[in-house]
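The block underneath contains the structure these notes are about, expressed in structure tokens.
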Amino acid sequence: MRFVQTLKNIWTIEELRKRLLITLFLVLIYRLGCYVVLPGISAQAIADLTNFTNKSGLMQLLDMFSGGAFSQASIFALGIMPYITASIVIQLLGMVLPSFQKMQREGESGRQKLNQYTRYLTVAILCMQAPAYLANLNYQMSQASMHLGVWQIVYLTIILAAGSMFIMWLGERITDRGIGNGISFIILVGIIARLPQALLYEFTSRLPGSSGTEGGLVMFIIEVVLLFAVTIGAVLLVQGTRKIPVQYAKRIVGNRQYGGARQYIPLKVNAAGVMPIIFAQALMFIPLLFAGFNPDGTGFWASFTNVNSFAYNFVYFIMIVAFTYFYTAITVRPTQMAEDMKRNNGFIPGVKPGKKTAEYIDTIMSRITLPGSLFLGVVAILPAFARMFGISQNFAQFFGGTSLLIMVGVVLDTLQQIEAHLMMHHYDGLMKEGKIKGRTTGSAY
């Protein structure tokens, strides 16, 4: 009954109701676009290309992120990942180029300039990825006596680029007028869209008489229980915090006393949230770009397109740990925290204000980031281990990795925003006790 009452409260708040309906409408547009096949290409012909639609490795991962649009040769086949890749590059340039650092300090005007550069770079990346995608599609179709002409590839490249830019626009509209972070929500929808199909396939493959009957339905139940346990672990990773006590000095103003209260600074074990996994995943798509120009699947770059290989998972793990430290360093700023604390007459018991406080916070962050980054890397490569134990490739992707971490992080952030609206209008939150804690970063790109 409490759940039903919460839904009624959500529907009662006019602003929240409008935001949810707008989000649902824009997501519906995105899902419909995933089924619009590129002009001049037969949907049945694409379905017959089993080597293309069921190919394992990064192509299957791309297909999951695009909600199935990749394997269906849809106008949204390239999804939102080119924009995320461009965002990563711009953020990296902001660390090394003084001109970009200056724009980051210019406030809203600088942010608009950086967003514009990100869009330009997204178009440039699409102009490289779209021909690579079409080259692979053309190679697969040529095996079935079908062929794409030069001019057809040119205008299909334009359509694919326009499709990805339209998805980016939808994500921005969800952020502005909907609920949650739009780009993150688009990725979440693409992942969840593949879950029912993967679950059904795993269930039918365990039925007696099917080709994969090892363990039968008992094995399927064990898989579901393990998936639930891994999900709980991912939630604990996202929610885990280290509280640092902060004491505020007492001030006497007239006949009243202010301050003197003890508060806490909650430092996240995984302060970078889902960003390291997206950063690393976006960079791991680069081998696919080069491998696309060599459709026979050989060469150095092709060895990194198999998500179950040791080389892929080793590099993937190292990149996640590195990006966790990198993104934590640029989002958590101990010096600024220490200055704000000193300005408000606050101090950490036993630590001198100012530089010593900044060093103390930095030391704590370094200590908790190490286990957080290692656990994040382990969760990211769990699908490879699940595949080793006979779980199908589609279902194994939900045992960790990008899909699980993004789902947990984005769902918690979205629920946190809904709860904030409820609390603001004096309704009970989504939970009976406590509050939902989202990621410290409000963005997933």
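So here's what we get for this one:
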quantity	calculated
Criterion violated by LEU376 - all others in (1) touching a Leu at 6+ places or on another chain (Cβ under 7 Å); (2) of a type in the set (A, V, I, L, M, F, W, C); (3) surrounded by fewer than 18 Cβ atoms within 10 Å (Cβ to Cβ) satisfied	(3)
Filter result for ALA130 (in contact with a helix residue (DSSP H, G or I) (Cβ under 8 Å, 6 or more places away or on another chain) and assigned to a helix (DSSP H, G or I))	yes
Cβ pairs under 7 Å, 6+ apart, first in the range 374-394 and in contact (Cβ under 8 Å) with a residue 24 or more places away in the chain and farther than 17 Å from ILE406 by Cβ, second among the acidic types (Asp, Glu) and surrounded by fewer than 19 Cβ atoms within 10 Å (Cβ to Cβ)	GLY390/GLU214
Positions within the range 265-315 being crowded, with 16+ Cβ neighbours inside 10 Å, at pLDDT 65 or above, assigned to a helix (DSSP H, G or I) and of a type outside the set (A, V, I, L, M), in sequence order	PRO276, PHE279, GLN281, PRO287, PHE304, TYR312, ASN313
Boolean, GLY190 is in contact with a Ser or Thr (Cβ under 8 Å, 6 or more places away or on another chain) and assigned to a helix (DSSP H, G or I)	yes
Answer residue from the range 361-373, given it is buried (at least 16 other Cβ atoms within 10 Å of the Cβ), in contact (Cβ under 8 Å) with a residue 40 or more places away in the chain and not aliphatic (A, V, I, L, M) and is nearest to ALA329 (Cα to Cα) among those	THR369
Within the range 82-99, tally of residues that are surrounded by fewer than 24 Cβ atoms within 10 Å (Cβ to Cβ) and either under 27 Å from GLY40 (Cβ atoms) or without any contact (Cβ under 8 Å) to a residue 60 or more places away in the chain (or both)	10
Residues of the range 113-138 classified as over 17 Å from MET165 (Cβ atoms) and without any contact (Cβ under 8 Å) to a residue 24 or more places away in the chain, total	2
Tally, over the range 15-36, of residues that are of a type outside the set (A, V, I, L, M, F, W, C) and under 18 Å from GLY68 (Cβ atoms)	4
Those helices (runs of 4 or more DSSP H) lying entirely in the range 58-107 with at least 1 residues under 22 Å from ILE192 (Cα atoms) and not aliphatic (A, V, I, L, M)	58-65, 81-96
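Residues checked against (1) modelled with pLDDT of 85 or more; (2) surrounded by fewer than 21 Cβ atoms within 10 Å (Cβ to Cβ):
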{"residue": "GLY171", "(1), (2)": "yes, no"}
{"residue": "THR175", "(1), (2)": "yes, yes"}
{"residue": "GLY180", "(1), (2)": "no, no"}
{"residue": "GLY190", "(1), (2)": "no, no"}
{"residue": "ARG194", "(1), (2)": "no, no"}
{"residue": "GLN197", "(1), (2)": "no, yes"}
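The values are calculated or read from the model by the stated rules, or taken from the named source; none is laboratory data. Every value quoted in this text rests on a predicted model; they were computed, and no experiment measured them. Glycine also receives a Cβ, built like all others from the backbone with ideal geometry; neighbour counts cover every protein chain displayed.
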